[in-house]
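To start, the structure under review is shown below, and the notes come after it.
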Amino acid sequence: MAKWIEVCGRREVPAGDKLCLKAGNCSIVLCDVDGEISALENICPHAGLPLGEGELRGAVLTCPYHGYAFNVRSGLNVDFPREEPPARTFKVKVEGNKVWVELDP
């Protein structure tokens, strides 16, 4: 059964930017796009490198190593949505000043 984990305070995720952190045993990237927080695993599905080291432009996070770009809300590769595996995403909820992420056991 999945469980919700408090990962940070809401103000820790900069507006229009990202924050890399650990949630349980998982490395994740929180992205603030227009005030909405999205969460992805900090692993590029293309080559397994840290996706969170890339640049966030709008809702697209681009891996700095090979240029693969992912929609932070859906995890889909924006250039090859049917050919490349998506980045793993997580459900997020914000309650007051706390950001929670739902993780699988």
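List of remarks:
- Surface accessible to a 1.4 Å probe, E53 within the full protein complex, Å²: 110 Å²
- Taking 16 Å as the straight-line reach from the Cα of K18, the aspartates and glutamates in range (excluding those fewer than 8 positions away in the same chain) are D32, D34, E36, E41, E53, E55.
- Loop-located chymotrypsin sites (Phe, Trp or Tyr not before Pro) across the stretch 17-92 with a Cβ neighbour count of 15 or fewer within 10 Å are Y65, with loop assigned by DSSP.
- Surface composition of the stretch 29-84: carbon and sulfur make up 45 percent of the accessible area, probe 1.4 Å.
- Extending 7 Å from Cα along the Cβ direction at R88 and again at A15 yields two label points whose distance is 3.3 nm.
- By the Cβ rule of 4.7 Å, the chain holds the following cysteines without a possible disulfide partner: C8, C20, C26, C31.
- Straight-distance crosslink candidates among lysines, where the alpha carbon sits under 16 Å from K22 and sequence neighbours closer than 8 are dropped: K3, K91, K98
- Residues whose amide H falls under 5 Å from that of V78, counting only those 5 or more places apart or on a different chain, are A69, F70, N71, with hydrogens built in the peptide plane.
- Rounded accessible area per residue of the stretch 39-105, 1.4 Å, Å²: 56 Å²
- Computed from the Kirkwood radius of its Cα pairs, the Stokes-Einstein diffusion coefficient for the chain at 25 °C and 0.890 mPa s stands at 181 µm²/s.
The values are calculated or read from the model by the stated rules, or taken from the named source; none is laboratory data. Just so it is clear, the model here is predicted, and its values are computed rather than measured. No Cβ is skipped: glycine too gets one built from the backbone with ideal geometry, and neighbour counts run over all protein chains shown. To get the accessible areas, we keep the full protein, side chains included, count just its heavy atoms, and leave off ligands, DNA and RNA. Shrake-Rupley method; radii C 1.70, N 1.55, O 1.52, S 1.80 Å.
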